[in-house]
Structures are given as structure tokens and as C-alpha cells.
1. Within the range 99-120, take every residue that is of a type in the set (D, E, K, R) and open to solvent by 20 Å² or more (accessible area, probe 1.4 Å) and give me the one that is farthest from the ligand (Cβ to nearest atom).
2. Can you list residue pairs whose Cβ atoms sit under 6 Å apart, with the first residue in the range 148-172 being within 12 Å of the ligand (Cβ to nearest atom) and open to solvent by less than 30 Å² (accessible area, probe 1.4 Å) and the second being of a type in the set (Lys, Arg) and part of a helix (DSSP H, G or I)? Count only pairs 6 or more apart in sequence or on different chains.
3. Considering only the range 1-50, how many residues are within 11 Å of the ligand (Cβ to nearest atom) and charged (D, E, K, R)?
4. Being more than 15 Å from the ligand (Cβ to nearest atom) and either under 23 Å from Ile322 (Cα atoms) or not β-branched (Val, Ile, Thr) (or both) is the filter; apply it to the range 190-208 and report the residue that is least open to solvent (accessible area, probe 1.4 Å).
5. Output the residues belonging to the range 381-397 that are over 23 Å from Arg307 (Cβ atoms) and open to solvent by less than 50 Å² (accessible area, probe 1.4 Å).
6. Among Val123, Val135, Val78, which is among the aliphatic types (A, V, I, L, M), more than 12 Å from the ligand (Cβ to nearest atom), touching a residue at least 60 places away in the same chain (Cβ under 8 Å) and open to solvent by 40 Å² or more (accessible area, probe 1.4 Å)?
7. Given the options Arg335, Arg326, name the one that is open to solvent by 70 Å² or more (accessible area, probe 1.4 Å), touching an Asp or Glu at 6+ places or on another chain (Cβ under 9 Å) and not hydroxyl-bearing (Ser, Thr, Tyr).
8. Kindly provide the set of residues from the range 268-280 that are more than 19 Å from the chain's Cα centre (by Cα) and open to solvent by 40 Å² or more (accessible area, probe 1.4 Å), ordered by number.
Amino acid sequence: MNKRKICVVGLGYIGLPTSALLASRGYDVHGVDVVQNTVDTINRGEIHIVEPELDTFVKAAVNSGKLKAGTKPAKADVFIIAVPTPFHDGFVPNIDYVVSATKAIAPYVQEGNIVILESTSPVGTTDTVEDTLKVAGVDTSKLYVAHCPERVLPGHIMRELVENDRIVGGTTLEATRLTAEFYREFVEGEVLETDAKTAEMTKLTENSFRDTNIAFANELSILCDKFDIDVWELIKLINRHPRVNVLQPGAGVGGHCIAVDPWFIVHAGGDDAKIIRTAREVNTYKTEWAIEKIKNEALVFEKENGRKAKVACMGLAFKPNIDDLRESPALYITRRLIFDALDVLAVEPNIEAHEEFEIIDYKEALEKADIVTFLVAHKEFKKLDIKTELDFCGVLN
Ligand SMILES: NC(=O)c1ccc[n+]([C@@H]2O[C@H](COP(=O)([O-])OP(=O)(O)OC[C@H]3O[C@@H](n4cnc5c(N)ncnc54)[C@H](O)[C@@H]3O)[C@@H](O)[C@H]2O)c1
């Protein structure tokens, strides 16, 4: 079966690296995005997102003529959908982008094509892709539709796209087999075969597992604070048990994956998704708990000194050493403290400016602050010698 022409829909953090990698392996790739500026940037051989090595890959792919971008799909052997899957208000999964991308490819899909959904998706979405194509008049009995969730780590995407194991689940056995065969052409990790629903659930379960483990650590951190025990030391000690591996607590859980995907299970699972829902709630509560701690400390300072405390919020990103603020508990805490009229010094070494508040250098913040709160364990903050601090991310340990 011919699989040389690829059409990738959605040219973001997943779609663009995938397109550039496939082009570097000799496939003819047509990338599609609804944002004209993204398409123009890529066609100039440049990139619109920050990811190591991606610029080199895209430049080479565009220069060799193997990667072209456009706002409309084109005929291909394999279609890959990599569009966002956020949620609507109330944590209701939003698959509108997937449906609209599917409708967009429908006029170009032909007999014998493979259609792959890579977006992280609620269980049943691959069936929705197939149904959407059917409603658009495509004879889906002659197509191979499958899900292959992406599990790359931002910052290491180009390497992990090749090295990670992949899970492929088709709506038919033949779809699974042919799609897995396609991935084996460029993936060095193992390509594991299952059905579409199981493949969808694997990705959601991986992120829910991490969310639950972090919730356990966050609950421990609150209990340890009550018992006057150092939670970081406790976790270091218990993880010496050969079968215990507790993750690290923090100011909550952020990012567009772990803080989002478990809700896809909770939404469909209802009252049966007890642990997964509770983990989300514990992680959200940890952020509220941190806000209360900081406000109490500020109140004590004000009573003792007769003036408002200057509070340094150290870090705004959702995890250490990145500039990504999506769903970030640190950003949420900073916003809430400002909203509650605290005198805040916002620090984020990985960004230069923010539209809502002034970003100041961490050394200047340390000089000016009465209370220092560590929200993200950025490398700049390690081994600082601070007297009055609230360390929610263990950066000083
Ligand atoms: N970024 C990650 O690290 C990561 C890791 C694993 C899984 N995922 C999942 O992969 C999917 C894509 O994530 P991302 O980070 O690449 O998102 P992104 O926001 O970086 O990129 C998505 C792109 O799709 C485009 N788009 C939206 N609707 C479109 C349409 N109808 N047709 C064409 N283009 C369209 C957007 O303009 C955007 O450029 C999501 O489901 C996400 O959960 C992401």
C-alpha cells in the first residue's frame, strides 16, 4: 500500500514536528492550519512555536520541497489530525476542532486512505471521526480509521517522536494493522496494537495516573504541614522502598494535558470515576490552600509591621524551566493575590513580559520582598539562601 503522501491537519506543537519529521524521512507532506500566519511562517521555512531542533527540521523540510503548508487539505495516502481538544465550561470535552478538521478532509479522502486521529481524545472520538466522514458522503468501509495518541514531552519532541513506544487502535483490525505498519516505518520504539477505544483510554489513563499520584503527594504536603514534618524529606525516604514511587507535590497541577485529560474520563464516567475526580479536586484544592497560606502570612506581617507586605511570587509557568503558562497554578495564585489587593512582585525568568502585570528580575524581587513564595522550581531559584519563605515546590530542598 502506498503511504508516501501525508496530509497533517493542525500545525501546532504536535502537528508541525510530526510533519517535519515525516518530510525528513522522504514523505511528501502537506500541512494544514486554519491560521494563515502559521502557514506563511512555515512556508518561509520558519517556525511559530518554541521547540529545540524543530527550526532545523522545518527549514530543511521546506527547502527540500518535502513540506508545504496551506489552509486547505489536499489528497494524500495518510491523513493525520492533530488539532486541540480542550474543554468547554464545566469541564465538558470539546471535540469541535476534531469534527471540523474531519469535515475539512472529507472531500479529499479516497478509497484505501488511512485517517489517523492523534489528538488526545475522549473515548469514542475515533468513531465520531469515522461517522463524520460517513455523513459527509465518504464510503468509510473502504478507509482505515485509527487513533494513535501522542505522548511526547515538550522540549524533547523531535527525539521522543522517534524513540517513544506508540499505541495504535483502529476501528477495524485491518485499520489497526495498516496504521501500525505506517508508524513502524519511522518510529524506533515499539508500536503496540489495540482497538480504538482502548487507545483513546490509554492516553487519558496515563495522565490521570500522574494526576492521581501528584494528588497523593499534594495531600501529603498538606498533612505534613499540619504535623510539622518536611514533606520533601518524607517523600525522599519513602521512595527508597523498592515498590513505592510518589511524585513531587507542588502549588497544584497545570499544563494542557494532566490538568485537562482526566476530566474527559470524569465527564463520561460520572459517579464511577471517584478517584480520578477526587484527584483533580485535591490538586485544585492545593492551589487554594497555597493562596490561603500566603494571605495568612501577609496578614501576620501587616499586623506586626503596620504596613502591607510585599509578596514575591517566584515562578508563573506550569512546570520548571519552561515559558508555558497554560493552566498554570502559579499564574492563578499570582492573579488571585493581586485580585485580593496584595502587593505582589511577579517573577518568571523564562518570559520577558506579561500583559497583566510587570515581570521583575528574581534578584530584585528577593531584595524588595517581605515574603518570598516559591511557586515553580525553576533552576534559577535552586540553592538560594532565603530566611522567610513559603516553598510550595520544594526548590530549596
Ligand atoms: N503539546 C503537547 O505536548 C501534546 C502532547 C501530547 C498530546 N497533545 C495533544 O495533541 C493535540 C494537539 O495539541 P498541540 O499542542 O499540537 O496544539 P496546538 O494548539 O499547539 O496546535 C493545534 C493547531 O491546530 C490548528 N487548528 C485548529 N483547528 C484546526 C482545523 N480545523 N484545521 C486545521 N488546523 C486547525 C491550530 O491553529 C493550531 O495551530 C491535542 O489534543 C493535545 O492534547 C499535545
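1. Applying the filter and picking the extreme gives Glu111.
2. Pairs that qualify, where the first residue is within 12 Å of the ligand (Cβ to nearest atom) and open to solvent by less than 30 Å² (accessible area, probe 1.4 Å) and the partner is of a type in the set (Lys, Arg) and part of a helix (DSSP H, G or I), are Pro149/Lys203.
3. 1
4. Ala196
5. Of everything in the range 381-397, those that are over 23 Å from Arg307 (Cβ atoms) and open to solvent by less than 50 Å² (accessible area, probe 1.4 Å) turn out to be Phe381, Leu384, Asp391, Phe392, Cys393, Gly394, Val395.
6. Testing whether each residue is among the aliphatic types (A, V, I, L, M), more than 12 Å from the ligand (Cβ to nearest atom), touching a residue at least 60 places away in the same chain (Cβ under 8 Å) and open to solvent by 40 Å² or more (accessible area, probe 1.4 Å) leaves just Val123.
7. Answer to the check: Arg335.
8. Of everything in the range 268-280, those that are more than 19 Å from the chain's Cα centre (by Cα) and open to solvent by 40 Å² or more (accessible area, probe 1.4 Å) turn out to be Ala268, Asp271, Asp272, Lys274, Ile275, Thr278.
The values are calculated or read from the model by the stated rules, or taken from the named source; none is laboratory data. The model shown is predicted, which means the values in this text are computed figures rather than measured ones. Note that we place each Cβ from the backbone using ideal geometry, even for glycine, and neighbour counts take in every protein chain shown. Remember, those area values only see protein heavy atoms, side chains included, never the ligands or the DNA or RNA. Shrake-Rupley method; radii C 1.70, N 1.55, O 1.52, S 1.80 Å.
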